[in-house]
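Below is one structure, written out as structure tokens; comments come after it.
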Amino acid sequence: MNEAGTLPAIEAVIDEARVAPRMEALLPVGVRPRQLSVRTLLVGIMLALSDGRAAHLSRVHAALRALGEDEQRRLGVVVAWKCGAHRLTYRQVERTWGLLVDALSKEYPDGRPTEHLQGFVDALVEASVPAGYKEATSALAVDWTDVESFARPPLQEGGPTADPEASWGHRRGNGPGQRDELFYGFYLGLATMVREERGPAVPELGRRMLLTRCHIDPVPAFVPVLENMVDTGVPLGDVLNDSGYSHRIPQHWALPLRARGASLVMDLHPHDRGRQGTFEGAICFNGALYCPSTAAGLFALEPLGRGASPEEIAAHDARSAELDRYRFCVLNADDADGYHRVMCPAAAGKLRCPKRPESIALAHTRPEILAPPEHAPVCCTQVSITVPPSVNAKTRQKHPYPSQAHRLSYGRRSAAERTNATIKDPASNDVAPGWCRLMGLVPMTLMLSCLMVVRNQRVLVSFAARQADNERRAAQGLAPRTRRRRRKTIADLVSAAANAPP
């Protein structure tokens, strides 16, 4: 494997993506041929970004001129003119960049990328995923983050600004002392590869991205990107997202992804939790169907809070397991129309119910329905029922919420947060105001897509080193290195203060 940010690694990704010839075909042909090709321009951008430098065209020019003499001649940085060897100038970098941006822009910008631009991004980012990992997992963690424009916001609504394609957006601060605030720029949607639930570790590589104006909802805007990924032959498995995605209307997220074969693993918004009506007598609760005689106290189950103790976790898991006894069992996957069948929990042998005489023979360790409905609904008279896609359309997911299985599966979503953190790391490419002084949707998208390639290469090198270290430790009979979360509780602080000198 080539080292991250090296010229061979960068050229391999660009050639694998096959985007340079397609972009060249979009550019106008002048009387005199351009010295700087699109391929060399992309090489220069990635070289500049791999060195932790900002996304400035002057730094791209400097990165190309810092190459060896042979590489400069091969890439066209130095060419033979009538008057002798000519070295690439900054104005030539600006010229090729300007032609590329114009070719990928819309005549009337609407805040979304053109088909050519999004195709360029998809091909380039997908090419940065090595062939050995393309089929290693089909699970994705999705999230969106803020990207500020370098332009100063307009002083009044509709006022002049240097970046009219940017708009006001809202970002949340989840850290201590952080508050929600407005920013002027774009929304960046990202899809990150994560391991399967019972699969081996995989590098957390960015696989898709989308940049839009902030007045466009980033959730439904990202659905066509994932649908196009499936159309190009990349299957869609587990999709992990927070309540910012699950709280949208089903037509904007849950339904189209299920139609493409995705298994959703989501955090539910507080407004979507709890009992949400009934279907054929079964109670709709947190995206699943439950027996109509389920004890009301079990429906008071809430997700675990941050920093829960082991005792609290064990008690929560026990209550979740007890509630799961009353859940209808899913018998089959969704058919082409989105319908599936579920079985009565008593018929499935999960509990004892007088309506199912055969279940009374089960062990007394299973819960028993003491007061079944006097007028049995359909779910009690039939062994199984057919559930249409409109039932629990927004909240249905792979595991019952908030069970232990859901908590462990959803824990993989932190990969999306790490992706956001790595592209905003002040130690490398800090995507902040001033990182890219080129304004507009197309320039920011081009720079961010190249940054995702460089970021993926860094992750691959780090992952390979970590795997090699684990193999070495295993050969020596040592356990793999694991991170240990160190958390000081109030009791620890009180005991330390009690033993402190006066």
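The values are calculated or read from the model by the stated rules, or taken from the named source; none is laboratory data. Not measured: the values here are computed from a predicted model. FYI the Cβ positions are ideal-geometry reconstructions off the backbone, even for glycines, and counts take in every protein chain you see. Accessible surface areas use protein heavy atoms only, side chains included; no ligands, DNA or RNA. Shrake-Rupley method; radii C 1.70, N 1.55, O 1.52, S 1.80 Å.
Can you spot the lysines whose alpha carbon is less than 24 Å from Lys134's alpha carbon? Ignore those fewer than 8 places along the same chain. Here the lysines satisfying the reach criterion relative to Lys134 are Lys398. Cross-link reach is defined here as a Cα-Cα straight distance under 20 Å, omitting same-chain residues fewer than 8 places apart; for Lys82 none of the lysines meet it. Histogrammed with a bin width of 10 Å, the alpha carbon distances of the range 268-394 distribute as 12, 40, 34, 13, 1 percent, first bin at zero.
Whole-Å semi-axes of the chain's equivalent ellipsoid, largest first, each the root of 5 times a Cα gyration tensor eigenvalue?
Details: eigenvalues 511, 141, 104 Å².
Each semi-axis is the square root of five times an eigenvalue, giving 51, 27, 23 Å.
Rolling a 1.4 Å probe across the protein heavy atoms gives the range 152-227 an accessible surface of 51 Å² per residue. Working from Cα pairs under 8 Å separated by at least six residues, relative contact order for the range 290-425 is 22 percent. Taking the convex hull of the alpha carbon positions in the range 201-319 and averaging its projected area over all directions gives 10.7 nm².
Helix content alone sets the calculated 222 nm mean residue ellipticity of the chain: runs of n ≥ 4 DSSP H residues at -39500 (n - 2.57) each, divided across all residues, give -11000 deg cm²/dmol.
Can you tell me the order of 132-139, 345-352 when each peptide is scored by its average per-residue count of other Cβ atoms within 10 angstrom, highest first? Write down the numbers at each step before the final one.
Working: 132-139: 16.6, 345-352: 21.4.
Most protected by this proxy first, the peptides run 345-352, 132-139.
What part of the accessible area of the chain, given as a whole %, is carbon or sulfur when the probe is 1.4 angstrom? List each step's numbers first, then the result.
Numbers: 13390 of 25480 Å².
Percent of accessible area from carbon and sulfur atoms in the chain: 53.
Rounded to the nearest 20 debye, the dipole size of the range 129-220 about its Cα centre is 200 debye, using +1 on the Cβ of Lys and Arg and -1 on the Cβ of Asp and Glu.
Extension gain for the segment Val383 to Ser414, taken as residue separation times 0.36 nm less the Cα-Cα distance, is 7.2 nm to one decimal. Rounded if a/c is under 1.5, else prolate if a/b is larger than b/c, else oblate: which is the range 393-446, with a ≥ b ≥ c the root eigenvalues of its Cα gyration tensor? Verdict is oblate for the range 393-446.
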